[in-house]
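Single-structure report; data block below.
The values are calculated or read from the model by the stated rules, or taken from the named source; none is laboratory data. Owing to the predicted nature of the structure, the values given are computational and were not obtained by experimental measurement. Cβ coordinates were reconstructed from backbone atoms using ideal geometry, including for glycine residues, and neighbour counts include every protein chain displayed. Surface accessibility is based on the protein's heavy atoms, side chains included, excluding ligands, DNA and RNA. Shrake-Rupley method; radii C 1.70, N 1.55, O 1.52, S 1.80 Å.
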Amino acid sequence: MWEDSLTVFCGIAWAERHHDVALVDDTGTLLAKARISDDAAGYSKLLDLLAEHGDSPESPIPVAIETSHGLLVAVLRTGSRKVFAINPLAAARYRDRHGVSRKKSDPGDALVLANILRTDMHAHRPLPDDSEQAQAIAVLARAQQDGVWSRQQLANQVRSLLREYYPAALLAFQGKQGGLTRPDTRVMLTLAPTPSKAARLTLSQLRAALKHSGRSRGLDAEAERLRAVLRAEHAHHLPAVEDAFGRQLLALLRQLDAACQAAAELAVAAEAAFHEHADSEILLSFPGLGPLLGARVLAEVGDDRSRFVDARALKSYAGSAPITRASGKKRFVGRRFVKNSRLMNARFLWAFAALTASPGANAHYRRRREHGDWHNAAQRHLLNRFLGQLHHCLQTRQLFDEQRAFAPLLSPPTGQAA
């Protein structure tokens with residue numbers, strides 16, 4: 001094993017402006033310690049320090065650090081060096097092994113991290129060796145997901161504000177798919193930010209606003225519907241108060257417009273990058289996975305095939321594999337709370353879409369519900385099965401096969417004609 005030949009281990013206590021570094025040998029002796037700045041000069045100093053203690057492209061010194069991202073991690077991951085992202089909570093537990101006084105310092109934390117690798121490197125996983133293309137997809141897919149969450153947060157703020165003074169707008173727009181994030185909704189609210197202004201809009205003005213938002217069908221019918229809703233009888237604030245609410249709405253709409261545009265642009269970029277990846281064809285062969293959702297799954301799973309030793313490791317990482325807590329006569333089987341939350345979010349969307357795209361997935365889900373599972377538990381069980389199939393397909397470079405994946409569920413009963 002490559003661990004057996006290592007004699008020097010490095011720990012880095014990461015901070016915002018500086019980082020503390022500690023190097024120990026296989027006996028735990030402190031070989032060197034230093035504090036480096038968070039800039040190119042500091043990174044160069046760190047690499048020189050590692051080189052002084054035997055670091056080379058053929059035999060790089062492994063590094064433990066409490067973060068998995070940032071320029072420092074990018075510099076350390078060049079070449080074949082193994083970088084271990086240690087959970088801060090785990091590092092705190094290791095710290096308690098060496099003393100009970102609860103003292104803490106950055107140089108001490110760096111030493112603890114180095115000793116974690118010295119004693120328990122086999123129990124921790126290095127950061128995956130994903131390709132440059134996969135890392136770029138991860139940046140775009142996560143940014144787009146963040147953009148969607150920000151967009152929804154702003155839409156919720158707009159909804160709360162409309163409830164305060166403009167209920168007609170909620171009746172007019174919220175029932176439609178997309179709700180307050182729709183282009184025609186945002187255009188109409190910008191044109192008439194108060195109920196008084198909305199009630200004065202004519203059919204021609206409503207029709208022009210709908211056309212300006214990009215809508216091309218059913219303009220006359222929609223304009224008549226909006227006029228009827230907006231001119232209905234509703235309670236009003238005093239005119240000056242209503243105008244103040246309208247100004248607040250316009251400010252929120254500008255933020256919402258920017259969030260919607262950013263999410264849309266990032267979606268296009270993420271999908272384009274995803275289609276260029278070699279794994280995209282395999283992911284798209286799975287029911288329920290489109291380009292954007294496939295990009296999110298690839299972003300979290302990566303393309304380092306040695307990252308997950310088996311399908312169960314992938315399921316545990318995604319949070320779909322159950323955990324067992326047993327002690328004496330007590331035994332509890334439950335869901336995981338420590339997991340990749342982004343992959344968890346994507347996989348529930350995947351399972352929901354697969355119910356209509358795959359007869360086998362739908363049959364599996366129905367069977368779990370008949371056995372007493374709630375909706376979320378049945379979905380989680382379905383995703384657990386999909387992740388096992390995904391791991392197999394990626395390892396063997398095969399496309400998803402519906403008949404093989406759900407053969408027992410899709411096969412006709414005995415004695416029934418095919």
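If one takes the longest principal axis of the Cα atoms in the chain, at what angle in degrees, from 0 to 90 and to the nearest 10, does the Cα axis of helix 291-301 lie?
Approximately 20 degrees, to the nearest ten.
Show me the ranking of peptides 135-142, 369-376 by mean Cβ neighbours inside 10 Å, starting with the highest.
So the peptides 135-142, 369-376, ranked by packing, come out 135-142, 369-376.
What residues qualify as long-range amide H neighbours of LYS82, i.e. H under 5 Å apart, gap of 5 or more or another chain, H built at 1.01 Å from N?
Long-range HN contacts for LYS82: VAL63.
Using each residue's phi in the stretch 139-144, evaluate 6.51 cos²θ - 1.76 cosθ + 1.60 at θ = phi - 60° and report the 3J(HN,Hα) Karplus result to the nearest Hz, with x for Gly and Pro.
My calculation for the stretch 139-144 gives 4, 5, 5, 5, 5, 5 Hz in order.
Quick check on the stretch 283-418: what does the Kirkwood estimate of hydrodynamic radius come out to from the alpha carbon pairs, in Å?
On the way: mean 1/r = 0.0630 Å⁻¹.
Averaging 1/r across every pair of different Cα atoms and inverting gives 15.9 Å.
In degrees from 0 to 90, rounded to the nearest 10, what is the angle of the helix 359-370 Cα long axis to the longest principal axis of the chain?
The helix 359-370 is inclined about 90 degrees to the chain.
For the stretch 153-277, what is the relative contact order in percent, using Cα pairs closer than 8 Å and at least 6 residues apart in sequence?
Values: 99 pairs, mean separation 39.9, N = 125.
The value is 32 percent.
Can you give me the P(r) profile for the stretch 75-194? Cα pairs, bins 10 angstrom wide beginning at 0, each as a whole percent.
10, 24, 15, 15, 16, 16, 3
Taking Cα pairs under 8 Å and at least six residues apart, what relative contact order does the chain come out at, in percent?
13 percent
Rolling a 1.4 angstrom probe over the protein heavy atoms, how many square angstrom per residue are accessible across the stretch 336-400? Working shown, then result.
Details: 3360 Å² over 65 residues.
Result: 52 Å² of accessible area for each residue.
Obtain the nm distance between the two label points defined at GLN248 and HIS18 by a simple spin-label model: each point lies 7 Å from its Cα along the Cα-to-C-beta direction.
Output for this residue pair reads 4.6 nm.
Note down the Stokes-Einstein diffusion coefficient of the chain in µm²/s, whole number, using a Kirkwood radius over alpha carbon pairs, 10 °C, and 1.306 mPa s.
Working: Rh = 25.9 Å.
Estimated diffusion coefficient is 61 µm²/s.
Principal axes first, then extents: for the Cα atoms of the stretch 23-110, list largest minus smallest coordinate on each axis, whole Å, largest first.
Projected onto the principal axes, the Cα atoms of the stretch 23-110 cover 39, 28, 22 Å.
List every residue whose amide H lies under 5 Å from the amide H of ALA32, counting only residues 5 or more places away in sequence or on a different chain, with H placed 1.01 Å from N in the peptide plane.
LEU23
Could you compute how much accessible surface ASP106 exposes when probed at 1.4 Å, giving the result in Å² to the nearest 10?
Per-residue accessible area (ASP106): approximately 50 Å².
Bins of 5 Å, beginning at zero and ending with the bin holding the largest distance: percent of Cα pairs per bin for the stretch 1-153, please.
2, 9, 18, 21, 19, 13, 9, 5, 3, 1, 0
If one takes the longest principal axis of the Cα atoms in the chain, at what angle in degrees, from 0 to 90 and to the nearest 10, does the Cα axis of helix 375-396 lie?
It is inclined by approximately 50 degrees.
Give the lysines reachable from LYS315 as a straight Cα distance under 27 Å; neighbours fewer than 8 places away on the same chain don't count.
Correct list for LYS315: LYS82, LYS330, LYS339.
Restricting things to alpha carbons, tell me how big the stretch 242-338 is in terms of Rg and Dmax, in Å.
Just the Cα atoms of the stretch 242-338 yield Rg and Dmax of 21.4, 67 Å.
State, to one decimal in nm², a quarter of the convex hull surface area for the C-alpha atoms of the stretch 294-372, i.e. the direction-averaged projected area.
7.1 nm²
Suppose each label sits 7 Å from its Cα in the direction of the beta carbon; what would the ALA278-ARG397 distance come out to in nanometres?
My value for the distance between the label points is 0.7 nm.
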